[in-house]
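Q: I am attaching a structure below and will ask some questions about it afterwards.
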Amino acid sequence: MNVREDPRALALGVLVKVGRGRFAAPTLDLALSRSGPEPQAAGLATDLVYGTLRRLRWIDWSLKPLLRRPERLPEAVRWALRAGGYEKLFTPRPPYASVNAWVEVAARSHPRLRGLVNAVLRRLEPRPAPEAVRLGLPDFLYEEWRARFGDPGWMEALNEPAPLWLTLFPGGEAELAAQGVPFEAGPVPGNVRVHGFSVRRIAAFRKGLAQPQNPASLLAAQLLEAGSGERVLDLAGGAALKAAWLAARGAQVTSVDADARRQRAGRRNLARLGLEVAFLTRDLTRPLDLTAPKVLLDAPCLGTGTLRGHPELRMRLEPEALEPTVRLQARLLETAARATEPGGLLVYAVCSLTEAEGEEQVARFLQAHPEFEPVEIESPVPLLARGHGVYVRPENGLDGFYYARLRRRS
Ligand SMILES: C[S@@+](CC[C@H](N)C(=O)[O-])C[C@H]1O[C@@H](n2cnc3c(N)ncnc32)[C@H](O)[C@@H]1O
């Protein structure tokens, strides 16, 4: 059996690469597009990759008493045990069949370890574990979230599969309906939740009428309330996803980012959507020679609100990364403040739910900048907390975001 026929072998190849530092989504996409499995097999491979990464802490915790030196195992065998553990412990598929399947996959590259994989997976049971381990969260994050937001019930929602959300452009809804794609309106206007279709199979996407985007990400752009013809600066704009929606509303957007490669991808995507955005490649820790009445800063962050869609971040999040990230955000916020014209609006957004990147950052900014005042956010999405800005509650497929709207006094 080769990879083309076997979603478990495909998932294993992806997991090994993610273990070496790659990102899960593009690595899986590439593997799927190369081997072209049937939709059902692609669905199984996707569930195995994402599920294993989301549950990794608890799986490793449960494997621990059964393995003397897991770090010494060949990486393919170690990941086969983890993915086999995920399938046995966390999916409704019959454990006997999935254990057999994983023994075969692991034995293909390491036949001498067939007995070990078989024995370990058969004996594996979910071991009682502390809540952070069960939730698959790094301790520092779990502790902060518990202390700040209280009841941890919502955290389990970050372990659910990520739905496909689409931002629709004119004609997009009619195209979805014409193709018979089941969808429903999401909490943020202009964005829908699609059922049972991958983005590749959606004609509205191929025709440039739809863009995969989480509603919480789209909301950051909507909070600017930019009108037609209004000048907008999209700072740390990356691949210009938020800029695309603003441009579709008629705003004159300039998207600025330090990463030219991301911007090239953004240009290609905008060409697909038939939209126009100006791009500037700049390091925003330095002042910008541009101003606008509307400025969006979608700052680089730890991404803790996106653990559903980027489960590999759980393995990589270190508390030490917080301080340099917060310092970088503060410098970009300075640049964004100077670029905001008097009377204008600055939206600060991060897809992260730590206090240092959210409320603390904005509180410090407001103290240093009396010329700015926070503006109330009327949120169409449920919130975890409110202060100068708001924290989005990452349930029902929403990513967790923090946004603040800051008006520069005239
Ligand atoms: C959260 S992402 C932006 C996503 C983007 N707004 C979107 O909607 O697709 C943060 C961006 O910050 C950019 N960035 C990081 N450091 C920067 C710097 N010093 N100057 C400019 N951009 C920077 C990264 O390249 C990345 O694209």
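Bear in mind that the values in this text are calculations on the coordinates, not laboratory data. Predicted model, so just to flag it, every value in this text is computed and none were measured. So basically every Cβ, Gly included, is an ideal-geometry build from the backbone, and we count neighbours across all protein chains shown.
Q: Listing HIS195, HIS388, HIS110 from the residue with the fewest other Cβ atoms within 10 Å to the one with the most, what is the order?
A: Numbers: HIS195 10, HIS388 21, HIS110 15.
Ordered by Cβ neighbours within 10 Å, fewest first: HIS195, HIS110, HIS388.
Q: Relative to the longest principal axis of the chain, what angle (0 to 90°, nearest 10) does the C-alpha long axis of helix 75-90 take?
A: Roughly 80 degrees between the two axes.
Q: What residue among ARG54, ARG264, ARG34 shows peak mean-square fluctuation when the chain is described by a Gaussian network model with Cα springs under 10 Å?
A: ARG34
Q: Moving on to the next point. Give me the angle, in degrees from 0 to 90, between the Cα long axis of helix 114-123 and the longest principal axis of the Cα atoms of the chain, rounded to the nearest 10.
A: 70
Q: How many nm separate the modelled label positions at ARG34 and LYS64, each set 7 Å beyond the Cα in the direction of the Cβ?
A: Between ARG34 and LYS64, the label points sit 3.5 nm apart.
Q: OK, next. Report Rg/Rh for the chain, rounded to two decimals, where Rg is the Cα radius of gyration and Rh the Kirkwood radius. Could you put the intermediate results ahead of the total?
A: On the way: Rg = 22.6 Å, Rh = 22.7 Å.
That ratio is 1.00, to two decimals.
Q: Right, another one. Using the count of nearby Cβ atoms within 10 Å as a rough guide to exposure, how do ARG72, ARG146, ARG327 rank from fewest to most?
A: Working: ARG72 8, ARG146 15, ARG327 11.
Least crowded to most crowded, the residues run ARG72, ARG327, ARG146.
Q: Give the peptides 57-67, 35-45 in descending order of average Cβ contacts within 10 Å, highest first. All intermediate terms of the calculation are to be shown ahead of the outcome.
A: Working: 57-67: 18.2, 35-45: 16.0.
With the highest mean Cβ count within 10 Å placed first, the list reads 57-67, 35-45.
Q: Given a Förster distance of 30 angstrom, what is the FRET efficiency for LEU290 paired with ALA363, based on the Cβ-Cβ distance and rounded to 0.05? Walk me through the numbers on the way to the answer.
A: Working: r = 27 Å, r/R0 = 0.90.
Efficiency, from the Cβ-Cβ distance: 0.65.
Q: In the chain, how many lysine pairs have Cα atoms under 29 Å apart, counting only pairs 8 or more places apart or on different chains?
A: Values: LYS17/LYS64; LYS17/LYS88; LYS64/LYS88; LYS207/LYS242; LYS242/LYS294.
For the chain, the number of qualifying lysine pairs is 5.
Q: Also: Indicate the gyration tensor shape class of segment 215-408 (rounded, prolate or oblate), computed on the Cα atoms with a ≥ b ≥ c the square roots of the eigenvalues: a/c under 1.5 is rounded; otherwise a/b larger than b/c is prolate and the rest oblate. Working shown, then result.
A: Numbers: a/c = 1.33, a/b = 1.14, b/c = 1.17.
Cα axes put segment 215-408 in the rounded bin.
Q: What does a probe at SER228 reach in segment 163-196, counting residues whose amide N is under 16 Å from the point 7 Å along Cα→Cβ?
A: In segment 163-196, the label zone of SER228 (backbone N under 16 Å from the point 7 Å along Cα→Cβ) covers 170-171.
Q: Right, another one. To the nearest Å, what is the center-to-center distance of segment 232-296 and segment 365-410, using C-alpha atoms only?
A: Rounded to whole Å, the Cα centres lie 22 Å apart.
Q: What distance in nm separates the two pseudo spin-label positions at ALA330 and ARG72, each 7 Å out from Cα along the beta-carbon direction?
A: About 4.7 nm, to one decimal.
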